[in-house]
1. In segment 58-80, which residues are of a type in the set (A, V, I, L, M), modelled with pLDDT under 95 and in contact with a helix residue (DSSP H, G or I) (Cβ under 7 Å, 6 or more places away or on another chain)?
2. With the structure loaded, tell me whether residue 47 is within 19 Å of residue 13 (Cβ to Cβ) and without any contact (Cβ under 8 Å) to a residue 40 or more places away in the chain or whether it fails that test.
3. When you scan segment 16-24, do you find a residue that is without any contact (Cβ under 8 Å) to a residue 24 or more places away in the chain, β-branched (Val, Ile, Thr) and in contact with a helix residue (DSSP H, G or I) (Cβ under 7 Å, 6 or more places away or on another chain), even just one?
Amino acid sequence: MGTFDGLVMEVVRLGVLALAVWAFVDALVRPAAAFVAAGKLTKPGWLAITAIATLLLYFVGPLSFLGLPAVIAAIVYLVDVRPAIRGLRRGNSSW
């Protein structure tokens, strides 16, 4: 049976992994033109960053030398890039 500390670390690991997967999938479904229109890095750039972050978090973990920058990259996408892209309107919709 695992310890409480081990359980907490596993929950943290799975949480940040889910965060990185969410960032990658969100970048995948957004249109490429929205990234340029929002003045952000291109879609392939963010796909590469979030994919590498996801892989690092899966294989290395969040509390390692490479894991912490991976967590930061996923958070930057979700906090800065995603709202800028979602704020753009598509077409001439009156919604």
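1. Once the filter is applied, which keeps residues that are of a type in the set (A, V, I, L, M), modelled with pLDDT under 95 and in contact with a helix residue (DSSP H, G or I) (Cβ under 7 Å, 6 or more places away or on another chain), segment 58-80 yields 60, 66.
2. On the way: within 19 Å of residue 13 (Cβ to Cβ): no; without any contact (Cβ under 8 Å) to a residue 40 or more places away in the chain: yes.
Spelling it out, it is not the case that residue 47 is within 19 Å of residue 13 (Cβ to Cβ) and without any contact (Cβ under 8 Å) to a residue 40 or more places away in the chain.
3. Residues of segment 16-24 that are without any contact (Cβ under 8 Å) to a residue 24 or more places away in the chain, as a first pass: 18.
Restricting the remaining residues to those that are β-branched (Val, Ile, Thr) gives none.
No, there is no match, as no residue in segment 16-24 is without any contact (Cβ under 8 Å) to a residue 24 or more places away in the chain, β-branched (Val, Ile, Thr) and in contact with a helix residue (DSSP H, G or I) (Cβ under 7 Å, 6 or more places away or on another chain).
Table: residues versus (1) of a type in the set (Phe, Trp, Tyr); (2) within 13 Å of residue 73 (Cβ to Cβ); (3) surrounded by fewer than 14 Cβ atoms within 10 Å (Cβ to Cβ).
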{"residue": "4", "(1), (2), (3)": "yes, no, yes"}
{"residue": "10", "(1), (2), (3)": "no, no, yes"}
{"residue": "16", "(1), (2), (3)": "no, yes, no"}
{"residue": "25", "(1), (2), (3)": "no, no, yes"}
{"residue": "34", "(1), (2), (3)": "no, no, no"}
{"residue": "38", "(1), (2), (3)": "no, no, no"}
{"residue": "47", "(1), (2), (3)": "no, yes, no"}
{"residue": "53", "(1), (2), (3)": "no, yes, no"}
{"residue": "56", "(1), (2), (3)": "no, yes, no"}
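The values are calculated or read from the model by the stated rules, or taken from the named source; none is laboratory data. Values in this document were obtained by computation on a predicted structure and should not be read as measured data. Cβ coordinates were reconstructed from backbone atoms using ideal geometry, including for glycine residues, and neighbour counts include every protein chain displayed.
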